[in-house]
Every structure is written in C-alpha cells, then in structure tokens.
1. Rounding to the nearest 10 and keeping the result within 0 to 90°, find how far the Cα-based axis of helix A:3-23 lies from the longest principal axis of chain A.
2. Can you find, among B:Val43, A:Gly24, A:Phe135, the residue sitting farthest towards the positive end of the charge dipole of the protein assembly as shown, where Lys and Arg contribute +1 and Asp and Glu -1 at Cβ?
3. Just to be sure I understand the model, the point goes 7 Å from the Cα along the line to the Cβ. What's the resulting B:Ala51 to A:Asn2 distance in nm?
4. Determine, for B:Ser54, B:Ser161, B:Ser21, A:Ser106, the number of other Cβ atoms within 10 Å of each Cβ, and report the residues in order from fewest to most.
5. Kindly identify region B:1-90 as rounded, prolate or oblate by the Cα gyration tensor criterion: order the square roots of the eigenvalues as a ≥ b ≥ c, call it rounded if a/c is under 1.5, otherwise compare a/b with b/c, prolate if a/b is larger, else oblate.
6. If R0 is 56 Å, what FRET efficiency do you get for A:Ala145 and A:Ala58 from their C-beta distance, rounded to 0.05?
7. Within region A:63-85, name every residue whose backbone N is under 11 Å away from a label modeled 7 Å from Cα of B:Asn126 along the Cβ vector.
8. Could you run the Debye sum over the Cα atoms of the protein assembly as shown, one equal point scatterer each and no solvent, and tell me log10 of I(q)/I(0) at q = 0.08, 0.15 Å⁻¹, two decimals?
Amino acid sequence: MNRWIAVMLLAAGLTGLLYYGAAGNPWVMLHEALARPDEYDGRVINLFVFPKIERIHADGFDIREANGHPIRVYGDPAGLRAGEYVGLNAVFRKEGYLVALEASVSERRRYKVFLSLFPVAVVGFLFMRTFRFNFRKMQFEARDA
Amino acid sequence: MPDLITHVAAAHLIRRPFERSGRDAENRRYRVLFYLGTILPDVTSRAVNIAFPSSMKWTLALHTPAGALVLIGILALLFEPGMRKRAFGNLTAGAFLHFLLDTFQTSSTPVFFWLFPFSWADCGLNWVDPGDLIPWIPVWLAGIGFLELVLYLRRRRESASHPVEKPPLESGSGQRKSRPA
C-alpha cells in the first residue's frame, strides 16, 4: 500500500478515536455543568482541569480550574492548603456550587510537571542527534547510516 | 502519571541490559525510539492539556493503548523503509511500558482507559501516589549510573579477553603505497 494512503487512513482512524474520546465519554466537566446547570444538577464531576485551591473556608474551599472556572466547594477542608492542586470528586448543584465527595491535595504535582520537562528535552535532543528528516523523501533517516 | 524521569529511567533500566553487544549504532538508534515511546502518551495528552486546558476531553484517546498504537503507526511510517518495523516495535514497547507504570498509580480523575474504545472502564489499580515517587528520582538515577558502570566494566573485560588483532606492519611501513592507476 502506498505510504501516504496508509498515513491518511491511520490519521482518519486517529481523528475518529479523538472525536469518540471527546464526544462519547461519560465524564462531565465543570464548564459543561456551569453552561447548563439544570441539566447537570446532582451529577458527579471528577474530570477537572488542573484545579487549584484558591481559598479555604470553615465549611469548604474555593477552586479555580486552569481554564479559568472558579467555583465554591462545600466539604471538609481538613488537610487542604490554598495554592495547591487538588484531586477532587464532587457533586454539582445547579445553584452553582459543588459538594465534595473526595478531596485531597495532589502532593508535589508542580514538581512533577517541572521535572518532566527534563526528559522531554533530553529525549528530544537524543532524537535530533540520532535522526535527521529528509525533506525530499519525507522521512526520518539515521544520521549514522 | 508518574513523572517522566521515572518513566524514562524505567525504560532505560529495563532495556539496556538486554541490548546486544557489538551493535552500538543500532542499539543507540532504537533505544532513543523506546524512550520516545515511553514519553509519547504524556507528551501528546498531558502536555497539550497544560498548554490548552480545554483540550482535556479531546486528548483522552491519545493516552490509551488504542490511540497510541494508531499514532505510533503514523510515526513509524515517517521513518525510512528499513527501519519502520523496528521503529514501530520500539515506540510501541515504550508506550506500553508507560501504560503499565501508569496502571499502578492513584488518581482522582479517571484516566486509565486501557480498553478504549470498547469500554470506558477505568483500569487503574490506585496503589502508588505519583507524588510519592518524586523523592525516589535520585535512586533511579543512581541505578542508571550503576548499570552503566557494570556494562562498561563488562565491555572492558570482554575486549581484554578478545583483543582485536591488528594486521602486522609491513616492512617500510609509514610510507604510503601509491594506488595503481
């Protein structure tokens, strides 16, 4: 089979998988619930976008997602700290707040992301040192071949 | 996900002892692809999510075995014909090592859809908090250093027991012979 036909078929398959992953998954995200509160009242939300604790209250805490959605969460704030990422499962209420089922600080998350940059840089460097892209043939070739 | 240092260190520690000696260039080439495979699921999903936070649902498929296999199929076709099968094999092995390690970690978010697209079951075992692995990074790096030392000493011992024989010097060596026209 022609290489480019194979690439196009695989790319079409991957597009289908990406679309099914986005449209067919059963998880509710916060921005979806906030956009249609009546529809999502009482639904559990556990797919948050890197939620960070903004403020701690006696009866809960405020979070803000990386894409900017802030919301009040009611629940036990014991062990939580402002400024930390939080792992959260919560029930959405149409009045515009969440009731936490499970909340815990994602320990060392910021270090994890920072440290993960190094292997990406190292592997990228090793790849570029080992292979070169031949634009005429549109393929990677080993530099030492 | 465990941090990517843990992923790449695991890839190195698992692969290096099984590389065949005497094929340095080949080993180096496919080792890089194995490493690339082991970071690929996070680079194509988590890194994209950090850069574009609203993309989370769109990248779910890229952090699954099915999505990674299709993506790796495309990547392997971008290599020269003689390398494609081994590129596919090494990238796939690296990616599946990534998924294997991810399976053991805890997550409040469902992210381990190993049966996708046939099921949305979360296959995570919730055994290890990825944050708890960070203090172990120096241990992984020391392990890599120790392994490389052992491999270096083994190579030296092998080359000492099987020295490469040099051709005997001809009389009048040092003078360049002129090539016949």
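1. Computed tilt is about 0 degrees.
2. My answer, from the dipole projection, is A:Phe135.
3. Placing both labels 7 Å beyond Cα along the Cβ direction yields 3.0 nm.
4. Ranking B:Ser54, B:Ser161, B:Ser21, A:Ser106 by Cβ neighbours within 10 Å, fewest first, gives B:Ser161, B:Ser21, B:Ser54, A:Ser106.
5. Oblate.
6. 0.25
7. none
8. Debye curve over Cα of the protein assembly as shown, log10 I(q)/I(0) at q = 0.08, 0.15 Å⁻¹: -0.48, -1.25.
Every number here is computed from the coordinates shown, using simple stated rules; none is lab data. What you are looking at is a predicted structure, and each value in this text was computed from that prediction instead of being measured. Every residue, glycine as well, gets a Cβ built from its backbone with ideal geometry; the counts of neighbours run over all protein chains shown.
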